[in-house]
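**Student:** Questions regarding the structure given below will be posed in turn.
The values are calculated or read from the model by the stated rules, or taken from the named source; none is laboratory data. Computed from a predicted model, the values in this text were never measured in an experiment. Cβ coordinates were reconstructed from backbone atoms using ideal geometry, including for glycine residues, and neighbour counts include every protein chain displayed. Heads up: the accessible areas ignore ligands, DNA and RNA and are worked out on the full protein's heavy atoms, side chains in. Shrake-Rupley method; radii C 1.70, N 1.55, O 1.52, S 1.80 Å.
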Amino acid sequence: VQLQASGGGLVQAGGSLRLSCAASGRTLDTYGMGWFRQAPGKEREFVAAISRTGGSTYYEDSVAGRFTISRGNAKNTVYLQMNSLKPEDTGVYYCAAVRAYGLGSQPYDYEFWGQGTQVTVSS
């Protein structure tokens, strides 16, 4: 599956952004989905995951309560709503998919990756 991430941008601390991950030509309801981010000079880190069914979600501790991962009604899009953004949330955000139930928190848990979208949070 080919994934396209979008919605990044520059926002002030405390602001919000909504990222989208869209699949071309197919639905994502048979894939577990995740979002990761990578800051300059750092390793890619887990942000959030949603199960194939959409019934379960899992968040990295620093974003729990601020970020929400969800599936779109059209079944070919997954969203990451990010509220109360902090400068430490800055990075390139990637969406990922796996042909399984999902909820993995490691990059090797996923098979397919989007190209990334830049999120910059200014203080």
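**Student:** Just the residues that are part of a strand (DSSP E or B) and not hydrophobic (A, V, I, L, M, F, W, C), please, taken from the range 28-64.
**Tutor:** Those that are part of a strand (DSSP E or B) and not hydrophobic (A, V, I, L, M, F, W, C): 32, 34, 37, 38, 45, 57, 58, 59.
**Student:** A further question follows. Report, ordered by the first and then the second residue, all pairs with beta carbons closer than 7 Å, sequence separation of six or more or different chains, a first member in the range 79-100 that is in contact (Cβ under 8 Å) with a residue 60 or more places away in the chain, and a second member that is open to solvent by 10 Å² or more (accessible area, probe 1.4 Å) and part of a helix (DSSP H, G or I).
**Tutor:** Partner pairs satisfying both residue conditions: 98/109.
**Student:** Do you know which residues across the range 54-92 are more than 16 Å from residue 36 (Cβ to Cβ) and in contact with a Gly (Cβ under 9 Å, 6 or more places away or on another chain)?
**Tutor:** The answer is 56, 70, 71, 76, 83, 84, 85, 86.
**Student:** Collect the residues in the range 3-27 that are polar (S, T, N, Q), assigned to a loop (DSSP other than H, G, I, E, B) and under 15 Å from the mean Cα position of the chain (by Cα), keeping them in residue-number order.
**Tutor:** Residue satisfying the conditions is 16 alone.
**Student:** Let me ask something else. Applying the selection to the range 96-106, what residues are under 13 Å from residue 36 (Cβ atoms), more than 12 Å from the chain's Cα centre (by Cα) and either surrounded by fewer than 17 Cβ atoms within 10 Å (Cβ to Cβ) or among the polar types (S, T, N, Q) (or both)?
**Tutor:** Across the range 96-106, the qualifying residue is only 106.
**Student:** Sort out for me the strands (runs of 3 or more DSSP E) sitting completely within the range 77-123 that have 2 or more residues that are farther than 13 Å from residue 21 by Cα.
**Tutor:** The qualifying strands (runs of 3 or more DSSP E) are 91-98, 117-122.
**Student:** Kindly evaluate residue 64 against the criterion of being at pLDDT 95 or above and either closer than 20 Å to residue 9 by Cα or touching a Leu at 6+ places or on another chain (Cβ under 8 Å) (or both).
**Tutor:** For residue 64, the condition - at pLDDT 95 or above and either closer than 20 Å to residue 9 by Cα or touching a Leu at 6+ places or on another chain (Cβ under 8 Å) (or both) - is not met.
**Student:** Could I ask something else about it? Considering only the range 19-45, how many residues are under 23 Å from residue 1 (Cβ atoms), open to solvent by 20 Å² or more (accessible area, probe 1.4 Å) and either in contact with a Phe, Trp or Tyr (Cβ under 6 Å, 6 or more places away or on another chain) or acidic (Asp, Glu) (or both)?
**Tutor:** Final tally of qualifying residues: 4.
**Student:** May I pose another question? When residue 73 is evaluated against the numbered criteria (1) open to solvent by 50 Å² or more (accessible area, probe 1.4 Å); (2) touching a strand residue (DSSP E or B) at 6+ places or on another chain (Cβ under 7 Å), which criterion, by number, is the only one it fails?
**Tutor:** In the conditions (1) open to solvent by 50 Å² or more (accessible area, probe 1.4 Å); (2) touching a strand residue (DSSP E or B) at 6+ places or on another chain (Cβ under 7 Å), residue 73 misses (2) alone.
**Student:** Can you tell me which of (1) crowded, with 21+ Cβ neighbours inside 10 Å; (2) under 12 Å from the mean Cα position of the chain (by Cα); (3) farther than 25 Å from residue 14 by Cβ is the one residue 93 doesn't meet?
**Tutor:** All conditions pass for residue 93, except number (3).
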